[in-house]
1. For segment 64-83, what are the residues that are open to solvent by 50 Å² or more (accessible area, probe 1.4 Å) and touching a Ser or Thr at 6+ places or on another chain (Cβ under 8 Å)?
2. Among all residue pairs at least 6 apart or on different chains, which show Cβ distances below 6 Å where the first residue, located in segment 64-88, is free of Cβ contacts under 8 Å to residues at least 12 places away in the same chain and the second is buried (at least 17 other Cβ atoms within 10 Å of the Cβ) and aliphatic (A, V, I, L, M)?
3. Here are some conditions: (1) touching a Cys at 6+ places or on another chain (Cβ under 6 Å); (2) at pLDDT 85 or above; (3) part of a loop (DSSP other than H, G, I, E, B). CYS23 meets all but one. Which one does it not meet?
4. If you scan segment 60-96, which residues turn out to be in contact with a strand residue (DSSP E or B) (Cβ under 6 Å, 6 or more places away or on another chain), closer than 17 Å to TYR122 by Cα and not β-branched (Val, Ile, Thr)?
5. How many residues, within segment 101-129, are over 18 Å from ILE89 (Cα atoms) and either under 12 Å from the mean Cα position of the chain (by Cα) or of a type outside the set (Asp, Glu) (or both)?
6. Can you confirm whether GLY69 is under 21 Å from ARG130 (Cβ atoms) and not aliphatic (A, V, I, L, M)?
7. Hey, among the residues in segment 104-154 that are among the hydroxyl-bearing types (Ser, Thr, Tyr) and in contact (Cβ under 8 Å) with a residue 40 or more places away in the chain, which one's least open to solvent (accessible area, probe 1.4 Å)?
8. So which strands (runs of 3 or more DSSP E) are wholly in segment 72-135 and hold at least 1 residues that are at pLDDT below 95?
Amino acid sequence: MTGTTCPGCGRADTSGANFCASCGHQLRDATDEATDAFELESELPHEEDRARFPHDCGLFVVETGPKAGARYGLEAELTTLGRHGEADIFFDDVTVSRRHAEVRRDGDRYTVHDTGSLNGTYVNRARIERALLHDGDEVQVGRFRLVFFHGTAD
């Protein structure tokens, strides 16, 4: 399999990803042709995950990083994310600050806040200080990408 070298950090990538797993730098130009074949699933991704949480509760599913596949319910008014041992969602990785970000719940609205992290917090690949989360949004903390789901998304 042929690979790409990240122009940002020099890391070799053979996965065909669009962004570097190490630093997040764009690896492929948006005009590059994707040649991966895939089959459409009859069921929407993560519908099973949604069914396990209350219909009015937010949910994070870790898509990439060492904890890929982990699920976190966002039932509390405040959920902390970071490398600190007391973080509600603990990421043991140097790309994550000790107190990296937090998610605040206000009724059925969820807002993610960067808490002065070194590498930043991203929502849908845009660096943010604070952002309202919507069903399907992608949140990046260090090299971890989490997808936000809001309950059953009726």
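The values are calculated or read from the model by the stated rules, or taken from the named source; none is laboratory data. Quantities reported herein were computed from a predicted structural model and do not represent experimental measurements. Methodologically, a virtual Cβ is constructed for each residue, glycine included, from the backbone with ideal geometry; neighbour enumeration extends over all protein chains shown. Accessible surface areas use protein heavy atoms only, side chains included; no ligands, DNA or RNA. Shrake-Rupley method; radii C 1.70, N 1.55, O 1.52, S 1.80 Å.
1. ARG83
2. From residues that are free of Cβ contacts under 8 Å to residues at least 12 places away in the same chain, the pairs are ALA68/VAL62; ALA70/VAL62.
3. Checking CYS23 against (1) touching a Cys at 6+ places or on another chain (Cβ under 6 Å); (2) at pLDDT 85 or above; (3) part of a loop (DSSP other than H, G, I, E, B), the one that fails is (2).
4. PHE60, GLU63, GLY65, LEU81, PHE91
5. 7
6. So GLY69 does not fit the description; no.
7. TYR110
8. By residue number, 101-106, 109-114.
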